[in-house]
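Since the structure comes first, as structure tokens, the remarks are kept for the end.
The values are calculated or read from the model by the stated rules, or taken from the named source; none is laboratory data. Computed from a predicted structure; not experimentally measured. Because the Cβ atoms are built from the backbone with ideal geometry, glycine has one as well, and the counts that use them run over all protein chains shown.
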Amino acid sequence: MDGGEVRVGFGLFSIALLTNDERISQRLADFYQSFLTDQVPLITLETTVLKGEAEVPSVPKVTPQRVEFDEEGYQGGINWQEKSAFLTLAVKNPLIGIDYFLRVVAALAAFHLGGLMMHAAGVERDGKGYLFLGYSGAGKTTTARNAPVGSVLNDDLLVIYAIEGRWYAAATPFYNPTQNRPHPGSAPIAKLSYLVKDQKVYLEEVPQAQALAEVVACVPVLTVEPFYLREILERSRQLLKAVPYYHLHLLPDSSYWSVLLEA
């Protein structure tokens, strides 16, 4: 069966997905529909889909030269110098397997363009970006649901980058059925808020060292390798110099917005 190509946009860059299965290619196009682009891709991911029942592994092997998976039914690698990536998979759900690998490719691309991928919810209001950080279960998805309709860039993964010292957040296409559907776009970051569930709503300033640790903990995949971690720490410091950072104590409703917008 003939395959297909899908180009997925991430704001500053795009990634081309080549597959050997036309049906899978169409499913990918449908899944990433709002983020499809004609932009020349920064890197191409070639995927070969085989029949199989393997599970998608959770952690790649990360070195300065390569990022790779080598598990039964799921083998792939990214060579940044050659701007190429490949994935051969024989898993229960190929769409999930390709989507996960694409997240890793996007994280690497963001890093090499001077930015970062972050586990955070992003909301755009009045031309400003508000990022909500926190551990899994802290309330990022709930907080995004209490944002104005159509304002959520993504409630789990964003690409952030700096232009002339000003930091921006760009939407990514990644989501699952329990999350808010993302909307393409980007916005200059106005505030960073680490979510804390509480009985009242208020903003709390925290020591810079604590803020740095919390931001770095929200960067997926690459922090396991010292080669990347050093630069991630430096970029996180620059981000915190440029953007106010708070602990946002909040209830599971929209009452946090009045406090956040007034700060």
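At-a-glance table
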{"item": "Members of the stretch 99-145 that are buried (at least 24 other Cβ atoms within 10 Å of the Cβ), touching a residue at least 60 places away in the same chain (Cβ under 8 Å) and in a strand (DSSP E or B)", "result": "L116, M117, M118, G122, G129, Y130, L131, F132"}
{"item": "Residue, nearest to R66 (Cα to Cα), within the stretch 204-219, restricted to residues that are in contact (Cβ under 8 Å) with a residue 24 or more places away in the chain and touching a helix residue (DSSP H, G or I) at 6+ places or on another chain (Cβ under 6 Å)", "result": "V219"}
{"item": "The stretch 57-92, residues that are of a type outside the set (S, T, Y), at pLDDT below 95 and under 21 Å from the mean Cα position of the chain (by Cα)", "result": "P57, V59, P64, R66, N79, W80, K83"}
{"item": "Residue within the stretch 14-22 that is among the small types (G, A, S) and surrounded by 14 or more Cβ atoms within 10 Å (Cβ to Cβ) present", "result": "yes"}
{"item": "Residue within the stretch 95-117 that is of a type in the set (S, T, Y) and more than 15 Å from the chain's Cα centre (by Cα) present", "result": "no"}
{"item": "Check on A170, farther than 19 Å from H249 by Cα and modelled with pLDDT of 95 or more", "result": "yes"}
{"item": "Among the residues listed as R27, R23, the single one being over 14 Å from I96 (Cα atoms) and either among the basic types (K, R) or at pLDDT below 95 (or both)", "result": "R23"}
{"item": "Residues of the stretch 22-63 satisfying the condition of being in a loop (DSSP other than H, G, I, E, B) and β-branched (V, I, T)", "result": "T37, V40, V56, V59, T63"}
{"item": "Residue within the stretch 60-73 that is surrounded by fewer than 21 Cβ atoms within 10 Å (Cβ to Cβ) and closer than 19 Å to D156 by Cα present", "result": "no"}
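Residues checked against (1) assigned to a helix (DSSP H, G or I); (2) in the same structural domain as L17 (by TED's automatic domain parsing); (3) among the polar types (S, T, N, Q):
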site	(1), (2), (3)
V159	no, no, no
A170	no, no, no
P177	no, no, no
I189	no, no, no
Q199	no, no, yes
V206	no, no, no
L212	yes, no, no
V215	yes, no, no
